[in-house]
1. For residue 294 and residue 359, calculate 0.36 nm times their separation in residues minus their Cα-Cα distance, and state this gained length in nm to one decimal.
2. Dividing the convex hull volume of the alpha carbon atoms of the stretch 88-140 by its residue count, what do you get in Å³ per residue?
3. Whole-Hz Karplus ³J(HN,Hα) for the stretch 466-481, in order, using 6.51 cos²θ - 1.76 cosθ + 1.60 and θ = phi - 60°, x for Gly and Pro?
4. Using modelled amide H (1.01 Å from N, peptide plane; none on Pro or chain starts), what sits under 5 Å from the amide H of residue 306, excluding residues fewer than 5 places away?
5. What list of ³J(HN,Hα) values in whole Hz, one per residue of the stretch 288-300 in order, does the Karplus curve 6.51 cos²θ - 1.76 cosθ + 1.60 (θ = phi - 60°) give from phi, with Gly and Pro shown as x?
6. Only sites in a loop by DSSP and with at most 12 other Cβ atoms within 10 Å count here; which trypsin sites (Lys or Arg not before Pro) in the stretch 341-425 make the cut?
7. Given Cβ point charges of +1 (Lys, Arg) and -1 (Asp, Glu) and nothing else, what value in debye, to the nearest 20, does the dipole of the stretch 321-458 about its Cα centre take?
8. I need the phi-derived Karplus couplings for the stretch 95-101: 6.51 cos²θ - 1.76 cosθ + 1.60, θ = phi - 60°, integer Hz, Gly and Pro marked x.
Amino acid sequence: MGSNNTKSVALHSAAFASTQLFDDWFDPIEMGVRAQVRRFIEGMIEAELETALSRPRYGRPAKTRDGADNAAAGLSGHRHGHRSRSLMGTFGRVEIRVPRTRLTSADGKTSEWKSKTLPAYHRRTRAADALIAGAYLSGTNTRRVRRALAALFGGAVGKDVVSRVWRKVQGDWEAWNNRSLADEPIVRLILDGTVVRVRLDKKATSISLLVVLGVTERVLSLLDARTVAHQPTLGVFSPDESKLIGFSWEGSNSTAYLKSTGGNIALRSNTTDIMTLTSGGNVGISTTGPSYLLHVGSASASGIVAELQNLSGACTYQPGASYESVSCSSDARLKKDIVDTGDMLASLSDMRIRDFTVIADGERRTGVIAQEMLESHPDLVHSNAEGFYTVEQPNPCILVRAIQQLKARTDNTLEAVITGLTDFGVWIAKGQTYIRTLMADQLWAKHVILGSHQAPTGLTLYDGADGSPYCVTIYAGSLVTTKGACANYWSFHCVIYVSDLTTRCFSR
């Protein structure tokens, strides 16, 4: 009795031919890519093993100072050949040589090394499983998936492989579908429905699906007609919808805005606010409550708070309790053609300082006028984008140089005056000014003191008859007249030098 087969022989022949159709289509590009993929994967596994053994292939462990092996985490081991593994991915099927190694732990136990890059029993990449599952979910069956992917995987994917991949996807989907949402901070639900075409019981049919979207506190949502001028806006609501932060487009010039309907806007790293923008327009860096249009630093910050840099150098700013510190690059290695500065005192002498009232706030200030500075110091005057003149602040080093020159001139003048007075018999000792010789037609004084208790002296008077000098002194309360001029009792004199603030005394 003959066999009655309901399937056509031609169908069997066509299915067989489809699996063998591309066998003789040699592609050097694909072969080259697969060879590189094999070497790349083997290189990853070798690098992983070298890290575990702390030495390269054919290398020995590094020695410590005491001569012991410096193996990572107390592990050591030795290689013993390779084993072949087959791996299938979107690049096709490749054969990989995986090294075998026995590891010895610190307690002396041995175990076979296992690669984390290519785990045990891992035969396909996740991308290959996703490709198989995607082909199956497109509405075809397991046999058609095998035929569709035969050219890519070289016939290595059978219907049992497709079934295993789908069961894994189905298990992951069921676990996700049955997960608990009790801990999710859902603040809004969006319910909608759609109709899709699926295959059920070998028939294509349409089914309705209910779609539920849960919006959490951290999920960005597209705003509706509540936005300004009904422009498309992307924003985030607070849980009670009392505050909103969003990006919007306003006006006809397509300008983007960052808006907040209440509260501050903060940029946060982990749990620390690094920048704050208040609703009043104040910007704070490292402070959550900026008091000014730009507020840098906070009570907990110290040291340098700002740095400005360009090609020639950098300047830093550090506030203090009663002063500010501005430090700029000044290393000799950054400079060349170094010479002494010329006369800066003359350069500043023609700088005109004026008092004026500021039109914007009505305050009286002291400063310079840019138009006047153009005549004397044009290098310090610039023009901004609005056409107004701006004046550059003089270099503080120029002011220091001018002060040094002024001090040197003052010291030289005072020293010359003191030296000249000394030459004329005037000197200073113990806070008193002494004059060796005083010539005057008339001398008017409320009190005249001659000498002192330690150095008594007299008064030299000249006889009107013959002009002979006589020294008039007081001794034991009696007036004594001695012929001849009074003797010089001063034994020393002192001179104060302003240049170094020292006093120098000389014997006389």
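1. 21.0 nm
2. Normalising the Cα hull of the stretch 88-140 by residue number yields 94 Å³.
3. 10, x, 6, x, 9, 9, 9, 10, 10, 9, 6, x, 10, 7, 10, 10
4. 317
5. Once θ is set to phi - 60°, the couplings for the stretch 288-300 become 8, x, x, 9, 10, 4, 9, 10, 10, x, 8, 5, 8 Hz.
6. Those that pass, being in a loop and sparsely packed, are 352.
7. Details: 13 positive and 18 negative charges, 153 e Å.
For this selection, approximately 740 debye.
8. Rounded to whole hertz, the list is 9, 10, 8, 9, x, 10, 8.
Read-outs: derived from the displayed coordinates by stated rules, not from any lab. As the structure is a computational prediction, the values presented were derived from the model and not from experiment. Cβ: placed from backbone, ideal geometry, glycine included. Neighbour counts: every protein chain shown.
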